[in-house]
Amino acid sequence: MHGPVFPDESAQVSYLAHMVEGLLSTINGIEIEDSEAVGISNIISNLITMFPRSILTALPSELFTSFINCLTLLTCSFGRSAALEEVLDKDDMVYMEAYDRLLESWLTLVQDEEHFPRGCFVQPAIQVFNSYIQCHLAAPDGTRNLSVNGIASHEEEEINELQEDDRELFSDQLSSVGVLGRVAADHCIPLLTSLLEDRVNRLHGQLQRTQQHLMASSDLGSVDRKVLDDLYEDIHWLILVSGYLLADDPQGETPLIPSEVMEFSIKHSTEVDINTTLQILGSPGEKASSIPGCNRTDSVIRLLSAVLRTSEVESRATRASLTELLSPQMGKDIVWFLRRWAKTYLLVDEKLYEQISIPLSTAFGADTEGAQWIVGYLLEKVINNLSVWSSETELANDTVELLVTLVEKRERANIVVQCESWWSLAKQFASRSPPLHLLSSSVQRSLMKALVLGGFANMDSDTKQQYWAEVLHPLQQRFLNLINQENFAQISQEEAVKQEIVATLEALCGIAEATQIDNVASLFSFLMDFLSSCIGLME
C-alpha cells in the first residue's frame, strides 16, 4: 500500500500539519481507552519516522511545540499506566507496548537533534525522565508499590520469580531513558546522585539499626524487611538508569564517553575543585555531604562515587556478618554498573576525543593516582564478592565479568597485576582452595579466562614465568596425577573425580576464550600439550 504522492515539499508540510492538527484535536480533552493506546502511539511513531526531518522542522512553530507537548504528556501518562499494568500483573500489556513505542519515537527525535531548534527537547526530556524515575521509586518520592483501587503490588516472592533480569527485560526502555537523561544532563545527573546518596545513607542507617536489634534478639525472622526491600528496589532502578545514562555498551567497538556527558562535565569544570572531587571519589566509606566543599565536585564523578558508596555499605555489611540481610540483586547491579563504567571511563584515552574534561582525565586518565586507586578498589570488590557470594551464581558471574573487563585491555591489566591481591587470587584459584572451588563451572571458566588475560600484562620475564608456574602448572599437574593413576578407570565415576575433571575442562575452555591475536601462539602450544594428555578421557 503506497502513501500519498506529493508534488513538492510545501505540499508535504501541509499534509503533515493537517495530520498533526487532526491528531491533537482527537486526543485533546478525551480520555484514551486501553484499546486506543497502541494505535495512537503507532500513529505518532509513523509521523516521526516516515517524514524527513526537514518536513517536521518546517511545521509552524506553535504546531510543532503543541505536538511535542502532546508527545510528552502521552509518554508520561502511558508510562504511569504501564507501571500500573505491572502491579496488576496483566496478561495484555497494552500501555507497556504503547510506552515502548513512544520512547522509541523520542530516541529518533533526540538522535537527530541538530535538525531541531536548539534545546527544544530539554524540558520534555526532564518531564519524561522524572516520570520514569517516579514510577520506579517507592513512596513518598515515587508511586511504586502504592495500592491502586485497593490492589497492592506483588509480594516480594512473586517479583523474584521473574525469569529475566530487569536490565535485559527493560533494556530498550532504559536505553531511551538514559539518552533522554543525557539531553537534560544538567538536571538528570545531579538528580540521580542526590536520590542514590539519600537511599544509600538510609540503607546504611537501617542496617545499623537492624544489627543493634539482632544483638538484642538473634532471630532473623523478627526483622521487618519491608523498609530494606523498598530501599533495595529503589537502589536497583537508580543504578540501572545511572548505568544507561553514563555509558553505552557497544558490542565489539571501543565504548566512548557519551558526548553530552563529556560536554556537561567540561561546561561545569570551572566550578569544580579537583582535590575535593578526588577526596569524595577516594572516600566511599564517608557520606559525600560530610566532606567540606562537597558542592564543588564534578557531578559525573559524584554519581560514580554514590555507586562506590553503595558498594562500600554492602562490603561492610558482609564483614559485619549481615550478609543474610543484603540483596544479591543489589550486588549484581553494583558490579554490572562498575563493569559498564570501567569499559568507558577507566584509563580514558584522550586521543579518542576532540575535547576532554579535565576532572575526568585527572581522576581516571592513564598514569593517574585515581585510576590506580580505583583498579585496586574494584579488584578488592571482586575478591570480596567471590568469597561471600560464591553460591549466588548470577552475582558471581557478573563479578567475574567485571574482572575480565579489568584485564582484557593491556593498559588496565598492567595496573591490575601490580596489586598483591591479584596474585593471591591466582594462587587461591590454581590450588582450588575454598570458597573458589565452590563457584559454578561457568564462573570458573570466566575466572580462568581473566587470570590468563592478566598473565599477558607487562611483567619482566622472571615474574611472568613465576606467574604461569603458579596459574597453569598446578592445573596440569593435578590433572596428570589424576588420570595417570593405575585405577583411574575404576575411580573415574566417583563424584569427586568427575568434579575435578569437569573443573579442569572448564579451565581449558577459559584459557581458549582468553585467546587474543598477541597471545595465540603461546596459548596454542600450552593447550595442545595439555589436550594430548586428555586422550585417555575418551576411553
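The values are calculated or read from the model by the stated rules, or taken from the named source; none is laboratory data. Everything numeric here is computed off the predicted structure, so don't read it as measured data. No Cβ is skipped: glycine too gets one built from the backbone with ideal geometry, and neighbour counts run over all protein chains shown. Ligands, DNA and RNA are stripped out before the accessible areas are found, and what is left, the full protein with its side chains, is counted by its heavy atoms. Shrake-Rupley method; radii C 1.70, N 1.55, O 1.52, S 1.80 Å.
Computed quantities for the displayed model
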{"read-out": "Cα convex hull volume per residue for the range 341-489 (Å³)", "value": "122"}
{"read-out": "Share of carbon and sulfur in the accessible heavy-atom surface of the range 266-394 [1.4 Å probe, %]", "value": "45"}
{"read-out": "Sites THR65 and ARG202, calculated FRET efficiency, Cβ-Cβ separation with R0 30 Å, nearest 0.05", "value": "0.15"}
{"read-out": "Filter on LYS226/LYS381; LYS267/LYS343; LYS381/LYS427; LYS343/LYS449; LYS343/LYS409; LYS226/LYS287 - keep pairs with C-alpha separation over 20 Å", "value": "LYS226/LYS381; LYS267/LYS343; LYS226/LYS287"}
{"read-out": "Rounded FRET efficiency, nearest 0.05, which uses the C-beta distance separating ASN295 from SER14 and R0 of 41 Å", "value": "0.20"}
{"read-out": "For the range 74-140, fraction of C-alpha pairs farther apart than 16 Å, in %", "value": "52"}
{"read-out": "Å³ per residue enclosed by the Cα convex hull of the range 402-444", "value": "74"}
{"read-out": "Among 358-364, 228-234, 304-310, 44-50, the order from most to least packed when residues are scored by Cβ within 10 Å on average", "value": "304-310, 358-364, 228-234, 44-50"}
{"read-out": "Euclidean distance of C-alpha centroids, the range 423-502 and the range 385-415, integer Å", "value": "17"}
{"read-out": "Per residue, in Å², the accessible surface of the chain once ligands and nucleic acids are set aside, probe 1.4 Å", "value": "48"}
{"read-out": "Gain upon complete extension [ASP141, ASN28; 0.36 nm per residue less C-alpha separation]", "value": "37.8 nm"}
{"read-out": "Computed Kirkwood radius, in angstrom, where 1/r is averaged over Cα pairs of the range 1-132", "value": "15.6"}
{"read-out": "Point-to-point label distance, ARG118-ASP172, nm (Cα→Cβ direction, 7 Å offset)", "value": "3.5"}
{"read-out": "Expected 222 nm ellipticity per residue - DSSP helices of 4 or more, -39500 (n - 2.57), all of the chain, to 500", "value": "-22000 deg cm²/dmol"}
{"read-out": "Debye equation applied to the C-alpha atoms of the chain, log10 I(q)/I(0) at 0.07 Å⁻¹", "value": "-0.50"}
{"read-out": "Using alpha-carbon coordinates, inclination of helix 94-111 to the longest axis of the chain, degrees", "value": "90"}
{"read-out": "For the range 294-337 and the range 48-91, distance of Cα centres in Å", "value": "35"}
{"read-out": "Cα pair count fraction exceeding 15 Å, expressed as % - the range 418-503", "value": "62"}
{"read-out": "Cα-projected label distance for ASP273 with SER441, points at 7 Å along beta-carbon direction, nm", "value": "5.6"}
{"read-out": "Net length gained if the chain between THR323 and GLU495 were fully extended (0.36 nm per residue, minus Cα distance)", "value": "58.9 nm"}
{"read-out": "Largest-first principal axis extents, alpha carbons of the range 280-406, Å", "value": "45, 34, 20"}
{"read-out": "Ranked by how many other beta carbons lie within 10 Å on average, peptides 52-62, 471-481 from highest", "value": "471-481, 52-62"}
{"read-out": "Label-point separation in nm, ASP460 to SER391, each point 7 Å along Cα→Cβ", "value": "4.6"}
{"read-out": "Tilt relative to the chain, helix 473-483 - C-alpha long axis, 0 to 90 degrees, to 10", "value": "70"}
{"read-out": "FRET efficiency estimate (nearest 0.05) - Cβ-Cβ, ASP92 to ILE43, R0 25 angstrom", "value": "0.80"}
